[in-house]
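Input: a single structure, listed below in structure tokens.
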Amino acid sequence: MRSGADVLVGIEIPEELRAYVAPKGSIAVDGVSLTVAAWREPVATVALVPYTLEHTIAAEYDAGGTVNLEVDILARYLERLLAARGSAPERRGSTSDAGRTS
């Protein structure tokens, strides 16, 4: 979907990564760090600006396609710190190739 010159893309986030996604947080899609414009579980919406569309493979995304995902490193560090303090269980898995575009 277009929003001005930007293209909005919804990405279905695998269950094991959902705890790391937040509005205005970061998520890497196929190695490109993007800001989560909206989060309505299980779909994160990102806005692809013209520069990103011109200089990455993002312009080639098709609905239902698979993308590689990496969650925000700060979220992983926070989880690890809380786990070390006994405040939260440490999860495994910060990347996934099971994200689907919509």
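Of note:
- Exactly one residue among Ser26, Ser33 is of a type in the set (Ser, Thr, Tyr) and touching a residue at least 40 places away in the same chain (Cβ under 8 Å), and that residue is Ser26.
- Taking every residue in region 12-23 that is touching a residue at least 24 places away in the same chain (Cβ under 8 Å) and pairing it with any residue that is in a helix (DSSP H, G or I) and open to solvent by 50 Å² or more (accessible area, probe 1.4 Å), at least 6 positions away or on another chain, the pairs with Cβ-Cβ distances below 9 Å are Tyr20/Arg76.
- Strands (runs of 3 or more DSSP E) wholly inside the chain that include at least 2 residues being at pLDDT 95 or above and not basic (Lys, Arg): 6-12, 26-29, 32-40, 43-48, 66-71
- Qualifying positions in region 28-54 - touching a Ser or Thr at 6+ places or on another chain (Cβ under 8 Å) and either among the polar types (S, T, N, Q) or open to solvent by less than 20 Å² (accessible area, probe 1.4 Å) (or both): Ser33, Leu34, Thr35, Val36, Val46
- For first residues located in region 58-75 and open to solvent by 50 Å² or more (accessible area, probe 1.4 Å), partners that are in a loop (DSSP other than H, G, I, E, B) and lie 6+ apart or on another chain with Cβ distances below 6 Å form the pairs Ala63/Ser102; Asn68/Asp30.
The values are calculated or read from the model by the stated rules, or taken from the named source; none is laboratory data. This is a predicted model, so every value here is computed, not measured. No Cβ is skipped: glycine too gets one built from the backbone with ideal geometry, and neighbour counts run over all protein chains shown. Ligands, DNA and RNA are stripped out before the accessible areas are found, and what is left, the full protein with its side chains, is counted by its heavy atoms. Shrake-Rupley method; radii C 1.70, N 1.55, O 1.52, S 1.80 Å.
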